[in-house]
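Peer 1: Got a structure for you, questions after.
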Amino acid sequence: MAITRARILGTGHSYPEGILTNADLEKMVETSDDWITSRTGIKQRRKAAAGEYTSLFAVRAARQAIERAGLEPADIDLLLCATVTPDQILPSTGCIIQAELGANNAAAMDLVAACSGFLYGLTMADTMIRTGRSKYALVIGAEILSQYVDYTDRQTCVLFGDGAGAAVLGVVEGDRGILAARIRSDGRYLEQLFSPGGGTRRPPSAETLAAGDHFFKMRGNELFKVAVRSMADISREVLEEAGLTAADVKLFIPHQANQRITDAVANKLNVENERVYSNIAMHGNTSSASIPIGLDECIEAGRINDGDLVLLASFGGGVTWGGVLMRW
């Protein structure tokens, strides 16, 4: 009996025209281009303008992915939007995207898994497709992180950018598609990267806004070690599940959190620089959008060809992490 898998049929990405450079940040906070570049690898990041919102870029990326998959919005029966920066509390940004696309046959929802959201979505879509519950799934990672950044905090304001990426998955038989997918979390590390205000525990008020409780808070030194270990371990897990090794991987696309994290994970996996994709210098950390943006950029640049083994790994607040291995 032929093995049924989920395979990515089309990808897309979108981001704001606005660019915030390190030179711009030098005028806003006590920092420098050398300080930012040496610690993060970031030179610039995209920044949404006033009036621009998460679903705006998600819809653009999704339309591109659907078109490249050779489908129509009505063909999509599952729509998963990974985001920590929704348009609003209710309804889900997934439902807003569904309405804008005209994907009226899709079950739509949001996933909140921070930077691992896109891989959480791929894992869920893979399961739904392999079990016959879904025929065509649309997975989106979309963020407007700049609205939650404290531009007086040089530790966090230099990191985050805005954008969206999307992928359409469908059924394939044989040895192509997603070979292994795993997701993990550990809430004991929740205060290493979090936003304490705005929910039911600390409802929005004049006091919480004045205190900046809606902004991202981070303990970077502690997070670094956990991120490197978790991404390397889960990468080995999906490779082992598929009976493969890192030497078989043609391209490794990690979450773009910090260039030093990317380098450390690649070193632990013994993956050479030429097999690792990095766009953090141009985009910064776009959370759930970083992997799908990177994936689409690689496809557009011709860096992924039929039969290539592609490894994806992520780590984010929660903390959450995930790994997906696929044969293109």
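The values are calculated or read from the model by the stated rules, or taken from the named source; none is laboratory data. Quick caveat: nothing in here was measured; it's all calculated off a predicted structure. Cβ sites come from the backbone with ideal geometry, for glycine too, and all protein chains shown count toward neighbours.
Peer 1: May I ask you to verify whether TYR136 is at pLDDT 95 or above, touching a helix residue (DSSP H, G or I) at 6+ places or on another chain (Cβ under 8 Å) and among the aromatic types (Phe, Trp, Tyr)?
Peer 2: Judged against the criteria, TYR136 is a match.
Peer 1: Let me ask something additional. Regarding THR85, is this residue surrounded by fewer than 17 Cβ atoms within 10 Å (Cβ to Cβ), in contact (Cβ under 8 Å) with a residue 12 or more places away in the chain and in contact with a helix residue (DSSP H, G or I) (Cβ under 9 Å, 6 or more places away or on another chain)?
Peer 2: Working: surrounded by fewer than 17 Cβ atoms within 10 Å (Cβ to Cβ): no; in contact (Cβ under 8 Å) with a residue 12 or more places away in the chain: yes; in contact with a helix residue (DSSP H, G or I) (Cβ under 9 Å, 6 or more places away or on another chain): yes.
Taking the combined requirement at face value, the residue does not satisfy it.
Peer 1: How about segment 25-44: which of its residues are of a type outside the set (A, V, I, L, M) and within 14 Å of GLY284 (Cα to Cα)? Write out each step before concluding.
Peer 2: Here is the first cut: in segment 25-44, the residues of a type outside the set (A, V, I, L, M) are 26-27, 30-35, 37-41, 43-44.
Residues satisfying the conditions are ASP33, THR37, SER38, ARG39, THR40, GLY41, LYS43, GLN44.
Peer 1: If I ask for residues that are of a type in the set (Val, Ile, Thr), over 15 Å from ALA114 (Cα atoms) and in contact with a helix residue (DSSP H, G or I) (Cβ under 6 Å, 6 or more places away or on another chain), which ones from segment 143-158 would you list?
Peer 2: VAL158
Peer 1: Can you pull out every residue in segment 196-236 that is in contact (Cβ under 8 Å) with a residue 60 or more places away in the chain, on the phi < 0 side of the Ramachandran plot and outside any helix (DSSP H, G or I)?
Peer 2: HIS214, PHE215, PHE216, LYS217, MET218
Peer 1: Here is a check on your reading of the model: is LEU79 within 28 Å of THR123 (Cβ to Cβ), outside any helix (DSSP H, G or I) and over 22 Å from the mean Cα position of the chain (by Cα)? Write out each step before concluding.
Peer 2: Working: within 28 Å of THR123 (Cβ to Cβ): yes; outside any helix (DSSP H, G or I): yes; over 22 Å from the mean Cα position of the chain (by Cα): no.
The answer is no for LEU79.
Peer 1: Sort through ILE96, ILE140, ILE76 and tell me the only one that's touching a Gly at 6+ places or on another chain (Cβ under 9 Å), aliphatic (A, V, I, L, M) and not assigned by TED's automatic domain parsing to the domain that holds PHE215. Give the steps one after another, and end with the answer.
Peer 2: Details: ILE96 fails: touching a Gly at 6+ places or on another chain (Cβ under 9 Å); ILE76 fails: touching a Gly at 6+ places or on another chain (Cβ under 9 Å).
Residue meeting the stated conditions: ILE140.
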